[in-house]
1. Any residue in segment 331-349 that is assigned by the TED database to the domain that holds H408 sitting within a Cβ distance under 6 Å of a residue that is at pLDDT below 85 and open to solvent by less than 50 Å² (accessible area, probe 1.4 Å)? List the pairs, counting only those 6 or more apart or interchain.
2. Looking only at segment 106-138, count every residue that is charged (D, E, K, R), modelled with pLDDT of 90 or more and open to solvent by 30 Å² or more (accessible area, probe 1.4 Å) and tell me the total.
3. Does H436 count as out of contact with any helix residue (DSSP H, G or I) (no Cβ under 8 Å at 6 or more places or on another chain) and in contact (Cβ under 8 Å) with a residue 24 or more places away in the chain?
4. So, restricting to helices (runs of 4 or more DSSP H) that lie completely within segment 162-260, which ones have at least 1 residues that are basic (K, R)?
5. For segment 60-76, does any single residue satisfy the condition of being within 30 Å of V330 (Cβ to Cβ), open to solvent by less than 60 Å² (accessible area, probe 1.4 Å) and not in a helix (DSSP H, G or I)?
6. On the given criteria, is E247 open to solvent by 40 Å² or more (accessible area, probe 1.4 Å), acidic (D, E) and out of contact with any strand residue (DSSP E or B) (no Cβ under 7 Å at 6 or more places or on another chain)?
7. Could you give every pair whose Cβ atoms fall below 7 Å, whose first residue belongs to segment 441-452 and is farther than 12 Å from Y514 by Cβ, and whose second residue is open to solvent by 60 Å² or more (accessible area, probe 1.4 Å) and acidic (D, E), counting only separations of at least 6 or pairs across chains?
8. Determine whether E333 is at pLDDT 80 or above and over 27 Å from I434 (Cα atoms).
Amino acid sequence: MDAEQGKHQTEEEVLQGMLSHRFNYAKAHRSSTYHHTFRTKTRWELVRLSLLIVGIECTYATETAFVAPILLAIGLPHTLMTMMWAMPPIVGVLFVPVVASVSDRLRSSWGRRRPVLLLLGIAMLLGMMLLPHGRAIGEAIGLRSVAWVATITTLGLTTTDFSAEASNGLCRTYAMEVCTIRDQARVLSTMMLIGGLGGMLGYLFGAIDWIALPIGQYFESNEAAVFTANWIVLLIGLVSTLTSFAEIPLPVQEQDAMLRPVTHSMLQNEVKRMRGDEYATQTQLSESIGFRQFVRNTVQMPRSMKILCLTQFLSHMGYLPYCLYFTDFVGAEVFGGDVQAPEHSPAFVLYEEGLRFACWGMALFAGCASLYSLVIERLIDRVGARPVYVGGLMAHCVGMVAMGLLRHRAIVMLCCSLTGIMYTTIYSIPFLLISHYHSKNSFHMKDGKCVESTEPRGFGADVSMMSSVLCLAQLIVSLVMGVLIDAAGTTTVITYVAGGCTLLAALSAMAVLYMGL
C-alpha cells in the first residue's frame, strides 16, 4: 500500500493492519504462544480469562455475609468488630500500590501479572482456611481467649481481603493486556457479568442451611461449609485464569517492538505517522514505570484523576456500610434477633433466620448487578456515561434511605436490587474512563479538545488506584461505623450513612471528565 492510500485509512483499518502484521510475525518468527495477543477473543475465551473474578466476588460475598456474625459471635462488641475490618484496608493502602508497581516492572518469563496473581491467589486460599476456624485453631494451639481467637480470625480476614483487593485490579489489567484494545470493553463487561454470578453464588452458599443437609455432618459449623464451598470455587477460578493466555514477558517486549501489545497510544502514534505527522514519535513502554515514578504520578495526579478517585472513594463509602454490615442489620433490626444470645434460643434462631434471608437479598443484589452489566454499555452509548454514572449512584442512595426508614422485608429485597445497579456502575465506568484517558493519552481538555499528556503514567498503576481508594474507604468505615452504631444503639445508622455518602458521590460524578464517553 502506498503512502497516499495510508493517509486515507480509518483508525479501525490502521488497527487491523497493525494487529494482522504482529499476529503473523509472532506466529512465524517467535512463538505461537504470543500471537493470541493480536487477535479477537471468543466469548468463551473471555469467560475463561475472567473466572478468577468469579472466585474473588464469591470470596467477597462470603466475607461480607459472615465475618461480622463470626466476630460478634466470638463476643466482640460492634465497636471492636468493625475495627477488625480496619486491618485489611491499612495493609491495602500501604501495599496494593507496591504490588501494582512491582507487577508493572516484573521481568519473569511467565509475564508481569500472572506470577503476582498466583502468589495472591495462594494467600487468598490460605486466608479462607483461617477465617471460619479461628476458634478451633485457637483451641488446638492452646489459645482459647476471645482476644486470641479474634486475632487469628482477623489474620485470616486481612490475608484474604488484601489479596482479593490486589488481585481484583491486577486481574483486570492482565485481561486487558492480553486482549486487543477493541476487546477491552468486552472483557470488562464479561467480568462484570460473571463476577455478579460469582457474588450470587457466594451469597446462595450462605442462604443454605448446610447443617440440615447430609453433607453437613462433615463440617463443624454452617460457616465452615460455606467457606469450603467458596474455597473450591476460588481454586477453580485461579487455575482457569492463570492457564488461559500467556503474557508477553517484559524483556521480550523491550527487545522486539513487534511483540509489544498494541495500546491506544501506539495506535494513535501509527495513525499520525501514516498521515505524515512530523511529531509522531517512537512508542515507548510507558506502562513499565518504576515505583518512584508511580509515587510521583500519585502525588501529581491530574485533576481528572483526582475527581474520579474522589467519586470512587465516596461511592465506596456509600457501598461498604451496606456490604459489610447488611446481614447484621437484617438479623438484628428486620428480624429482631440477637447474635450473642444463647445458642438455640428464640433470639438466636431469629438472627440466624435473618442472616439467611439477608444472604438471599444479597444474592438478588449480585444477580441484578450481573444483569445490569449486560445493558450498561448500551445505556452509555445511548445517553452517555454521565447520566448512567449519576443515576446508578442515586439508585443506591434512594434504596438505603428507604431501607432504613421502613425496615420491611419486601423493601429490603427491592433495595438490594437497586444496590446491584450501583455496584455495576462503580466497577465499570471508572475503569472505562481510565482506559479512555489512556487511549487518548490525555487527562484534561482545553477549548473542547484533548490535551496530550507528556508525563508517563502506568495503566496498571492507574487501575490499581481504584483498589487503593477502596482500601481507604474501608479503613474509614471500619474505624467510624462501630462507634456510630454503639452511639445510636441501632445498626439502622448504616443505611443513613450509606445514603448520604452516595449522594455526595453522585454530586462528585457530575464533575468527572468524560471526554465524550
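1. That search, which allows pairs on different chains as well, returns V339/P69; V339/L72; A347/A341; F348/A341.
2. Just the residues of segment 106-138 that are charged (D, E, K, R), to begin with: 107, 112-114, 135.
Pick out the ones that are also modelled with pLDDT of 90 or more and you get 107, 112-114.
Then keep just the ones that are open to solvent by 30 Å² or more (accessible area, probe 1.4 Å); that gives 107.
Result for segment 106-138: 1.
3. Numbers: out of contact with any helix residue (DSSP H, G or I) (no Cβ under 8 Å at 6 or more places or on another chain): yes; in contact (Cβ under 8 Å) with a residue 24 or more places away in the chain: yes.
Judged against the criteria, H436 is a match.
4. Numbers: elements: 184-207, 222-242, 250-255.
Hits in segment 162-260: 184-207.
5. In the first step, residues of segment 60-76 are kept if they are within 30 Å of V330 (Cβ to Cβ); the result is 60-76.
Within this subset, residues satisfying the condition of being open to solvent by less than 60 Å² (accessible area, probe 1.4 Å) are 60-76.
Now restrict to residues that are not in a helix (DSSP H, G or I): 75-76.
Looking through segment 60-76, at least one residue is within 30 Å of V330 (Cβ to Cβ), open to solvent by less than 60 Å² (accessible area, probe 1.4 Å) and not in a helix (DSSP H, G or I).
6. Numbers: open to solvent by 40 Å² or more (accessible area, probe 1.4 Å): no; acidic (D, E): yes; out of contact with any strand residue (DSSP E or B) (no Cβ under 7 Å at 6 or more places or on another chain): yes.
Answer is no for this residue.
7. N441/E452; S442/E452
8. Numbers: at pLDDT 80 or above: yes; over 27 Å from I434 (Cα atoms): yes.
Spelling it out, E333 is indeed at pLDDT 80 or above and over 27 Å from I434 (Cα atoms).
The values are calculated or read from the model by the stated rules, or taken from the named source; none is laboratory data. A quick note: this is a predicted structure, and the numbers were derived from the prediction, not measured. Cβ: placed from backbone, ideal geometry, glycine included. Neighbour counts: every protein chain shown. Note: accessible area is taken over every heavy atom of the protein model, side chains too, but ligands, DNA and RNA are not part of it. Shrake-Rupley method; radii C 1.70, N 1.55, O 1.52, S 1.80 Å.
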